[in-house]
1. Conditions first: (1) loosely packed, with under 15 Cβ neighbours inside 10 Å; (2) over 30 Å from Tyr312 (Cβ atoms). Asp65 passes all but one, so which condition is the exception?
2. Would you point out the residue of region 205-228, among those that are in contact with a Leu (Cβ under 8 Å, 6 or more places away or on another chain) and under 18 Å from Leu174 (Cα atoms), that is modelled with the highest pLDDT?
3. Being touching an Asp or Glu at 6+ places or on another chain (Cβ under 7 Å), outside the structural domain of Glu88 (by TED's automatic domain parsing), of a type in the set (Gly, Ala, Ser) and under 20 Å from Phe140 (Cα atoms) is true for just one of Gly247, Gly243. Which residue is that?
4. Criterion first (closer than 26 Å to Gln133 by Cα, out of contact with any Pro (no Cβ under 8 Å at 6 or more places or on another chain) and acidic (Asp, Glu)) does Glu237 satisfy it?
5. Of all residues in region 31-76, count the ones that are of a type in the set (Asp, Glu) and part of a strand (DSSP E or B).
6. Out of region 159-174, which residues are crowded, with 18+ Cβ neighbours inside 10 Å and either in contact (Cβ under 8 Å) with a residue 40 or more places away in the chain or in a loop (DSSP other than H, G, I, E, B) (or both)?
7. Which pairs do you get when a residue that is not assigned by TED's automatic domain parsing to the domain that holds Asp59 and surrounded by fewer than 22 Cβ atoms within 10 Å (Cβ to Cβ), found in region 73-97, comes within reach of a residue that is modelled with pLDDT of 85 or more and acidic (Asp, Glu), reach meaning Cβ atoms under 9 angstrom, with the pair 6+ apart or on two chains?
8. Please indicate, with yes or no, whether at least one residue in region 274-281 is within 26 Å of Ser201 (Cα to Cα) and outside the structural domain of Ile162 (by TED's automatic domain parsing).
Amino acid sequence: MDYPDIVEQALQQFGHITGATMQFIPDKKKGQDWMVELRMGKTKTRFLIEVKNELRNVDLPAIADQAGKHPDDWLFICQYIPKPIKEELKKTGFNYLEAAGNCFIHKDGLLFFINDQVVAPYRRPKDDTPWKQAGLKLIFALLVQPGLLNGPYRQMAQAAKIALGAIGHFLEELKQEGFIREGVKEGQPHLFLDHKDQLISKWVALFPVMVKPKLEQGRFRFLDQKAQHFWKTLPAENFYWGGEPAGALLTGFLQPEFLTIYTAAPKTQMMQQLKLVPDPNGPVQLMDIFWNETIVPEPTIIPKTVPPLLAYAELITSLDSRNRETAERIKEQYLDRKN
């Protein structure tokens, strides 16, 4: 399916569901379709369009830069958009339209929000590749603690919290793709991680889609709203700061507005410990730890933050420019230094 097919399908489906009309407005100078006009009754508005097969978290910074200060001028038309990205786009005022008709469009007094049309991703990795949840957990463990690569399979499985039987297959796939190289060290056969920048980029792109959505325990707010301003003084027991607070602790640059917490403790225990109450729009997000704390130690002198790779992945895909700048600082201070 090429891009014009995606757009044609999306516009037809949108019109069928809503009764509104959306059509191309050609660029007469270039002879290309570069805008669409939406009409509903007597109201009409236009959008610049960007078309993709599948929209991923790694695409969000470029989208934010492209849209600038006027995100509502743009409409992103895609075959498939993962649910977490739809929520992020909607929250930040970016318009989107899936080929199946699901959309969030808000401009010039028009508002369309459709979220019940069945859609499947245009392309998915095969189940037996290292690019789904289990394999990505293993890659994370290897990137954080490369010494695991030459240890027993059982140790790798424990570090990544995945089945022992999957290790050999995942390692072989990574060898075939050029990310693991066989060599010699101190006269002994040795495995090395190769093309680490590419491996990190691929992991960062897939983590928010394949792993992160299954980790969330819920959203919360503090019973005492003032506690959010004094988050550094909270009893940091049984958890690690991720996302924005991790960025703040690792770089000293960011003032977090949204607090991400990774923990192995039960949700009820964390609610009691931090005096949290459930709130679907709250500024605190509880996440399950997906790595083994005892085998994958914290690789930084900053206590109680997630490994820098995870903080980088969460911040670099943000629509917030300060988060992305913080992510670049994390990469320079922690990740590039290890490569």
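1. Just one mismatch for Asp65, condition (2).
2. Looking at residues that are in contact with a Leu (Cβ under 8 Å, 6 or more places away or on another chain) and under 18 Å from Leu174 (Cα atoms), I get Phe207.
3. From the options Gly247, Gly243, the qualifying one is Gly243.
4. The answer is no for Glu237.
5. Result for region 31-76: 4.
6. Correct list: Ala159, Ala160, Ile162, Phe170, Leu174.
7. Filtered contacts from region 73-97: no entries.
8. Scanning region 274-281, I find no residue that is within 26 Å of Ser201 (Cα to Cα) and outside the structural domain of Ile162 (by TED's automatic domain parsing), so the answer is no.
The values are calculated or read from the model by the stated rules, or taken from the named source; none is laboratory data. For clarity, every value in this text was computed on a predicted model and none was experimentally measured. Counting neighbours? That spans all protein chains shown, and the Cβs are built from the backbone with ideal geometry, glycine included.
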